[in-house]
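Data block below; observations after.
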Amino acid sequence: MQIHTTEFIASYPRENMCPKDGLPEFAFIGRSNVGKSSLINMLTGRKGLAKVSGTPGKTRLINFFRINNRWYLVDLPGYGYAKVAKTKLKELNQMIEGYLGRRQTLALAFILVDANVPPQKADLEFINSMGAANVPFALVFTKTDRLKPSQLAQHTAAFFATLSETWETIPPHFITSAEYRTGREELLKFIEEVMASI
Ligand code: GDP
């Protein structure tokens, strides 16, 4: 898929306020600092579209971008913040769960996982919650340029080994680097395929 147009539509605090025109949506979510903004900018080819920030938890709303007038890229707030007040965290989780659990036009969620760290409890819990809610998802390993190929293979194998404790099948997954644009073609092709299948 070529990306011809990317338009920021708006940021919404709740699922029921999001656009109702029926275009399919692909959501992006991960722990704060996982490299989500960098990946979104890399995919759309628009530097600075999603804010790449050093401050964890800057995006706290559901951000909608319309791509090629055909689908929405939905930038969700990160999960697993350490520095957010408990009440705010509850609000954030409700917003994320509300969107993912109820959104009829959600085609698939991409769960971003930092390839540089061992399997994280927050990621595994989140993946399991998606399974429980029957949300289709794919995994995206980020920042893979920081690893040697052998380390990358070890880290992804460790992740899948942990996942296999609760999952029978390994979900679709992608190896990416925003730095080197790795995985861009594969991700866009996959989005195209999912759209063709719905
Ligand atoms: P977000 O909080 O998930 O949106 O993460 P950001 O996109 O703001 O990235 C967090 C940090 O990781 C920033 O310092 C980025 O420069 C860095 N980063 C993001 N993607 C990559 C990548 O593919 N390779 C490397 N080496 N660093 C990355």
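The values are calculated or read from the model by the stated rules, or taken from the named source; none is laboratory data. No experiment lies behind these values; they were computed from the predicted model shown. All Cβ positions, even for glycine, are placed from backbone atoms using ideal geometry, and neighbour counts span all protein chains on display. Please note that ligands, DNA and RNA were not included when accessible areas were found on the heavy atoms of the full protein model with its side chains. Shrake-Rupley method; radii C 1.70, N 1.55, O 1.52, S 1.80 Å.
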Carbon + sulfur, % of accessible area of segment 1-107 - ligands and nucleic acids excluded, 1.4 Å: 48
Low-density loop cleavage sites - GluC sites (Glu not before Pro) in segment 151-198, where at most 11 other Cβ are within 10 Å (DSSP): Glu165, Glu168
Given charges at beta-carbon only (K, R positive; D, E negative), |dipole| of segment 49-198 in Debye: 680
Most fluctuating residue given options Ala115, Ala85, Ala153, as computed from a GNM of the chain linking Cα atoms under 10 Å: Ala85
Loop-exposed chymotrypsin sites (Phe, Trp or Tyr not before Pro) per DSSP, neighbour cap 14 Cβ within 10 angstrom, longest uninterrupted part of the chain: 1-166
DSSP loop trypsin sites (Lys or Arg not before Pro) with at most 15 other Cβ within 10 Å excluded, longest remaining stretch of the chain: 84-180
Chain lengthening between Phe160 and Ser11 when straightened (0.36 nm per residue, less Cα-Cα): 50.3 nm
Estimated dipole of segment 118-198 in Debye, rounded to 20 [Cβ of Lys and Arg +1, of Asp and Glu -1, Cα centre]: 300
FRET E, pair Lys86, Ile198, Förster distance 41 Å, beta-carbon r, rounded to 0.05: 0.60
DSSP beta bridge pairing in segment 1-107, given as percent antiparallel to the nearest 5: 65
For the chain, built as a Gaussian network whose Cα springs stay under 10 Å, the top-fluctuating residue of Leu23, Leu163, Leu147: Leu147
Total formal charge among the other residues, if their Cβ is under 15 angstrom from that of Arg46, Lys/Arg +1 and Asp/Glu -1: +4
Segment 126-198 shape via C-alpha gyration tensor axes, a/c threshold 1.5: oblate
Under-5 Å amide H pairs with Ile62, H placed in peptide plane, nonlocal only: Tyr12
Segment 126-198 - percent of accessible surface contributed by carbon and sulfur, probe 1.4 Å: 53
The chain - Kirkwood radius from inverse mean 1/r over Cα pairs (Å): 17.0
